[in-house]
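Read through the structure below, which is laid out as structure tokens, and then see the notes.
The values are calculated or read from the model by the stated rules, or taken from the named source; none is laboratory data. None of the values given here were measured: they were computed from a predicted structure. Counting neighbours? That spans all protein chains shown, and the Cβs are built from the backbone with ideal geometry, glycine included. To get the accessible areas, we keep the full protein, side chains included, count just its heavy atoms, and leave off ligands, DNA and RNA. Shrake-Rupley method; radii C 1.70, N 1.55, O 1.52, S 1.80 Å.
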Amino acid sequence: MTSPISNPLLWTVPIVPLLPLAGAAINGFFGRQSSKKAISTVALVFCGLAFFAALLIAASFSSAAAPYSFPVAHWIRSGAFSADFDFYLDQLSLVMLLVVTGVGFLIHIYSVGYMWDDDGYYRFMSYMNLFMFFMLTLVLAKNYLVMFIGWEGVGLASYLLIGYWFTKDSAAAAGKKAFIVNRIGDFGFLIALFLMIKHFGSLDFTHVFTAVRTLPTETGGAGPLTAIGLLLMVGAAGKSAQIPLYVWLPDAMEGPTPVSALIHAATMVTAGVYMVARSSAIFDRAPMALMVVAIIGTLTALFAATIGIAQTDIKKVLAYSTISQLGYMFMACGVGAFSAGIFHLMTHAFFKGLLFLAAGSVIHGIGGEQDMRKMGGLRVYMPWTFATMGIATLAIAGIPPFAGFWSKDEILWKAFGASWVYWLIGVITAFITSFYMFRLMYMTFGGDYRGAAVQEAHGHDAHGRDEHGHGHGEPHESPGVMLGPLVILAVLSVVGGFVGYGNRFEHFLAPVFRVASTQVAQEASREAGDSTLEPLLMAISISVAGLGWLLAHLLYSRRPQLPARIAASLGGLYRAVANKYYIDELYAVLFVKPVVNGSTTILWHDIDQGVIDAAVNDSADAARHVSDNVRHMQSGNLRSYAGWVAAGAAVVIAYMVWMGVR
């Protein structure tokens, strides 16, 4: 562990999270009385300074000297256990630092244009800055407890931002759903931390990972490391929306579109991937837990992609796409290719952040409409949005040389080395991804505009604005403050993948994952030695992406009447996919309704009113009766006082005699 005292620039690391926290506090306390220009200045300056500091840190970073430790404050001392509030910088946290601050800053700029007309603008910007603080705390934490503080903090910020338009019942319900589902995953995370304290006596990364390296690989069955790994995956599944805890993320699209871009595409939902990658030393010694990570990721990638095929809400398509792409990242981590998973995390932040922001530009330009069936022909009205969203679509589909191609191909290559089953499911998912993303492009930008007749029906005013100030009648391009971030993210979606050319990204992260030497990773590495196989697999992945594009072009450009006929012919199967396999309804029957109904039974009603409410409501009467009785002791009569003193002395003497006899 290296002290950064010799490099003053690195001492800005503990300051980076405090910058957005300061912005959140200023806007939160004083924003209501401030102008929107002042609110914007505060939010952007503090977020921009955090990004600028991250760039300085990256310029000063030395891989040879890493990792760096930054003691901030003494925190918990309990017997032999201690946990300090310290920060930590290595190659992995540096990548996350740049992604969070860079993409986050661009989304903050975009938010100025998107949310300007909203009445709660100061509140929104304060929440956005608050999220940045907690996310930076999470990725810079030196131990699991500080990570958990950031982990819970981003959950809080997510709840506030998803339910930002809290007067809408759907938004309020979505915020509660996200909060509750994430608590389920967080419970698993907490139990994992308790087990770490029990077995290692610490939550510090360096101490835990050093202790883990001395332990044998748990190949004979489930041991403590396997239990810890599985519980960590429970937490990751909640935060990163994996089966079975993915159900909160599609509903989270009720929040403003910048929230979808920042929290549910680029940063927060990748926290689970980051946590699993950070814990690679533990998973390295627990192959069973690692296999569970791979299986859950692979199944989630395919499952969510199939749902995306039939969605008509533009943000819901992107939501299920996010779940699917997160599945790819877990697949990579599960086969021991942690670097490939983080590589896809980075490129995904570029193109998925761009997709959500471009979708927001579309929604903003057509009066708040999100149904793609009421769009069409927007390439004429929104050429910049069309071009940038097209670039992001090419990237996520895996078309070379765009960013998504490099990271997705790396994952598929490593997956093939582990098992051809993972690879096959990954390839099928890549085909489906390409299809539904180009379907989105054709339905949104192709053909003729289909939404002119529905604006009045959606409650727009005489100027074509909806309740949140979106739209001006006829479709129009977004303002420059929104288009600027789109263009920058489009450039990153084109060139960002070249960071991994020649395995440079993998080599950069190698010191972090040097312990990842599981049998799976070794097999993948041996497979990678076959130079003739890699070009073939790359050609297959490119071909399936092209086939998905071709099918979408046929169905939604050349023969637009076919999709309705196909849907009708599929009948119940199509309805099941369109209704997300009725998973939400199933959860409602199995979990939600029993809890709600149970809380209204006679038993719970009696306990609630007879015990809990009575304890609160009757406390005043009880206090009055007790005080009334005690009041009579204060009579002012000296003989009464002497009697009480004598009685007390007798009790004390009797107790001492009794103790002496014993």
*Would you please name the residue that is nearest to Ile263 (Cα to Cα), looking only at residues in the range 353-393 that are of a type in the set (Gly, Ala, Ser) and either outside any helix (DSSP H, G or I) or without any contact (Cβ under 8 Å) to a residue 40 or more places away in the chain (or both)?*
Gly368
*Just checking, how many residues over the range 529-542 are in contact with a helix residue (DSSP H, G or I) (Cβ under 9 Å, 6 or more places away or on another chain) and either open to solvent by less than 50 Å² (accessible area, probe 1.4 Å) or within 17 Å of Ile428 (Cβ to Cβ) (or both)?*
6
*Do any helices (runs of 4 or more DSSP H) entirely within the range 123-214 hold 2 or more residues that are over 30 Å from Arg32 (Cα atoms) and of a type in the set (D, E, K, R), and if so, which?*
169-200
*Among the residues of the range 65-98, write down those that are of a type in the set (Val, Ile, Thr) and modelled with pLDDT of 95 or more.*
Val95
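The rows are residues; the columns are (1) in contact (Cβ under 8 Å) with a residue 40 or more places away in the chain; (2) over 30 Å from Pro250 (Cβ atoms); (3) in contact with a Cys (Cβ under 7 Å, 6 or more places away or on another chain).
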residue	(1), (2), (3)
Ala174	yes, no, no
Leu193	yes, no, no
His199	no, yes, no
Thr219	yes, yes, no
Gly229	yes, no, no
*Of all residues in the range 79-117 being open to solvent by 10 Å² or more (accessible area, probe 1.4 Å) and of a type in the set (Asp, Glu), which is farthest from Tyr164 (Cα to Cα)?*
Asp84
_Checking Gly451 against (1) in contact with a Pro (Cβ under 8 Å, 6 or more places away or on another chain); (2) at pLDDT 95 or above, the condition it does not meet_ = (2)
*asked:* Residue pairs, Cβ under 8 Å, 6 or more apart or interchain, first in the range 323-342 and free of Cβ contacts under 8 Å to residues at least 40 places away in the same chain, second open to solvent by 10 Å² or more (accessible area, probe 1.4 Å) and in a helix (DSSP H, G or I). List them.
replied: none
*Within the set of pairs 6 or more residues apart or between chains, which connect a residue that is under 29 Å from Gln311 (Cβ atoms) inside the range 576-603 to a residue that is assigned to a helix (DSSP H, G or I) and modelled with pLDDT of 90 or more with Cβ atoms less than 6 Å apart?*
Lys580/Ile307
_Looking at the structure I just gave you, is Val273 over 30 Å from Leu570 (Cα atoms), at pLDDT 95 or above, in a helix (DSSP H, G or I) and open to solvent by 10 Å² or more (accessible area, probe 1.4 Å)?_
no
*Could you list, in sequence order, the residues of the range 546-583 that are surrounded by fewer than 11 Cβ atoms within 10 Å (Cβ to Cβ) and in a loop (DSSP other than H, G, I, E, B)?*
Gln561, Gly571
*Report yes if some residue within the range 407-426 is open to solvent by less than 50 Å² (accessible area, probe 1.4 Å), on the phi > 0 side of the Ramachandran plot, at pLDDT below 95 and more than 23 Å from the chain's Cα centre (by Cα); otherwise report no.*
no
*open to solvent by less than 60 Å² (accessible area, probe 1.4 Å), over 30 Å from Gly79 (Cα atoms), of a type in the set (Ser, Thr, Tyr) and under 15 Å from the mean Cα position of the chain (by Cα): does that describe Ser170?*
no
_Give me the residue from the range 48-85 that is assigned to a strand (DSSP E or B) and among the hydrophobic types (A, V, I, L, M, F, W, C) and, out of that set, farthest from the chain's Cα centre (by Cα)._
Phe81
*Could you say whether any residue in the range 28-46 is at pLDDT below 90 and not small (Gly, Ala, Ser)?*
no
